[in-house]
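Okay, so here's the structure we're looking at.
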Amino acid sequence: MTSTAPHNVAILGATGSIGRSTLDVIARHPERYRLQAVTAWRSKEALFEVCRRFSPAVAVLETEADADWLRESLRDVSLSHIEVRAGEQALVEVAGASEVDTVMSAIVGAAALLPTLAAVKAGKRVLLANKEALVMSGALFMDAVERHGACLLPIDSEHNAIYQCLPPSHRGGLEPLGVSRLLLTASGGPFRERTLADMHHVTPAEACAHPNWSMGRKISVDSATLMNKGLELIEACWLFDARPEQVEVVVHPQSIVHSMVGYTDGSVIAQMGNTDMRTAIAYGLSWPSRIDAGVEALDLFAVGRLDFQAPDEQRFPCLRLAREAMQAGGTAPACLNAANEVAVAAFLDNRLGFLEVAEVVARTLDRVPTHGADSLETILHDDGRARRVAQELLTQRHANGAWV
Ligand code: NAD
Ligand code: MG
């Protein structure tokens, strides 16, 4: 493989947790990967450092003011050949650009939807770390993958694990493969053993202190509420053509088994590894071969034991809300995701209690009519409506000092 031309990679969300891990893997294999484009929102200083180190052809920031700053900073260090662009349209164009063959989708939240779809529609190899885009647009997204011949590789560790445990070709449902269920592992997050009474008062800092993984703030809160596992359940249904009842969530506090596939003959195949996203990222970059990811070998003697428990949906209602949204279908998962994004931002901003995140999501889903998710317009319309309703609920909650 080293004799062929290097892959040209675009990293959407290059300054985040996944973005930085991707840069680390790429830096280990300069003969295989060239960084063509990088994007970031707000973190312009961090993007400048990425440009200095990797000298990509294009860099994208949110605002013209940030782009001007980056242009000037790059000129000062003789890197003015790097094209600096601004705005959402630039994101979409970079994701679908003909110079790029591999796109890492590592933007957080719904903002990843349009650029990731652009990469899919341009038939790229798409490394999907972002889960919100697929949750929002499931059928539409997977149809586009098929229609445009994109190569979609899941990077979320659970889905990457399942991908590794399934036979090579797995479109067309689980039954023909002899698969009986997908076992999605969950660490249980930082509050796995907290009582409901204790969970009322947890702070954003506590929620973001994940016991096993180091991640961005939004996904860390999702992991603490188990909404992350709910979003992943929806993600698994779309990626692997599974029905919600074929996906079983298993709490596994050590996070060594990244997920499993159960077969009708009684076999259960697991993928294991350290809690380091570079394994999944390297797999996506090099599939179907394997490369060094810089990840330490798994020391099973140090791990010692593997525990498995059933999830507690009383204390973590987000998991149930997500499963119900997937069962309801249409734009319900997009509305669930939208309400959750609004609620998590409010929690991180100390405007909402931890347990109230689920409350906002449930109440939003009760109020917002959903539709068939057959067009991007409908999905974005219902996403916008759910965000407005969730904001109104927050305002009412503040005005009344309680839920009414
Ligand atoms: P992060 O917050 O650390 O990084 C997000 C990146 O996206 C940053 O580069 C930021 O500048 C950019 N960004 C933020 N808002 C944006 C917007 N509105 N438009 C364009 N760019 C924007 O997040 P992360 O932890 O790296 O997670 C990224 C995605 O990957 C999420 O969808 C998350 O669920 C998923 N994921 C992350 C992990 C992990 O270990 N961190 C694991 C599995 C899946
Ligand atoms: Mg995950």
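The values are calculated or read from the model by the stated rules, or taken from the named source; none is laboratory data. Owing to the predicted nature of the structure, the values given are computational and were not obtained by experimental measurement. All Cβ positions, even for glycine, are placed from backbone atoms using ideal geometry, and neighbour counts span all protein chains on display. All accessible areas refer to the heavy atoms of the entire protein, side chains included, with ligands and DNA or RNA removed. Shrake-Rupley method; radii C 1.70, N 1.55, O 1.52, S 1.80 Å.
Could you give the accessible area per residue of region 293-393, probe 1.4 Å, as a whole number in Å²?
47
List the lysines whose Cα sits under 21 Å from the Cα of residue 121, skipping any in the same chain fewer than 8 residues away.
131
Hey, which aspartates and glutamates would be in cross-link range of residue 44, C-alpha to C-alpha under 17 Å, not counting anything within fewer than 8 residues on its own chain?
62, 64, 66, 68, 72, 76, 83, 88
Would you mind getting the accessible area per residue of region 65-178, heavy atoms of the protein chains only, 1.4 Å probe, in Å²?
Here the residues of region 65-178 average 37 Å² of exposed surface.
At 1.4 Å probe size, what's the solvent-accessible area of residue 63? Round to the nearest 10 Å².
Around 50 Å² of this residue is reachable by solvent.
Considering the dipole of region 274-321 built from charges on the beta carbon (Lys and Arg +1, Asp and Glu -1) around the Cα centre, which of 286, 317, 300 is farthest to its positive end?
317
Kindly provide the helix-only [θ] at 222 nm of the chain, computed as the sum of -39,500 (n - 2.57) over DSSP H runs of four or more divided by all residues, to the nearest 500 deg cm²/dmol?
About -14500 deg cm²/dmol.
If I model the chain as equal point scatterers sitting on the Cα atoms and use the Debye formula, what is log10 I(q)/I(0) at q = 0.12 Å⁻¹?
-0.97
Taking H placed 1.01 Å from N in the peptide plane, check which residues at least 5 places from residue 8 or on another chain put their amide H under 5 Å from its amide H.
34, 101, 102
Once you have a ≥ b ≥ c as the square roots of the Cα gyration tensor eigenvalues for region 91-221, tell me rounded if a/c is under 1.5, and otherwise prolate or oblate according to whether a/b is larger than b/c.
Oblate shape, in that a/c is at least 1.5 and b/c is the bigger or equal ratio.
Quick one: of the DSSP bridges fully inside region 1-117, what percent are antiparallel, nearest 5?
Close to 0 percent.
Expressed as a whole percentage, what fraction of the accessible surface of the chain belongs to carbon and sulfur atoms when a 1.4 Å probe is rolled over the protein heavy atoms? Please list the in-between numbers first.
On the way: 8390 of 16800 Å².
Its accessible area is 50 percent carbon and sulfur atoms.
Taking each pair of different alpha-carbon atoms in region 7-155 once, compute 1/r for the pair, average those values, and report the inverse of that mean as the Kirkwood hydrodynamic radius in Å to one decimal.
Evaluated over region 7-155, this radius sits at 15.0 Å.
Can you tell me how much longer the chain between residue 98 and residue 243 gets when fully stretched, taken as 0.36 nm per residue apart minus their C-alpha distance, in nm with one decimal?
Between residue 98 and residue 243, full extension yields 48.6 nm more.
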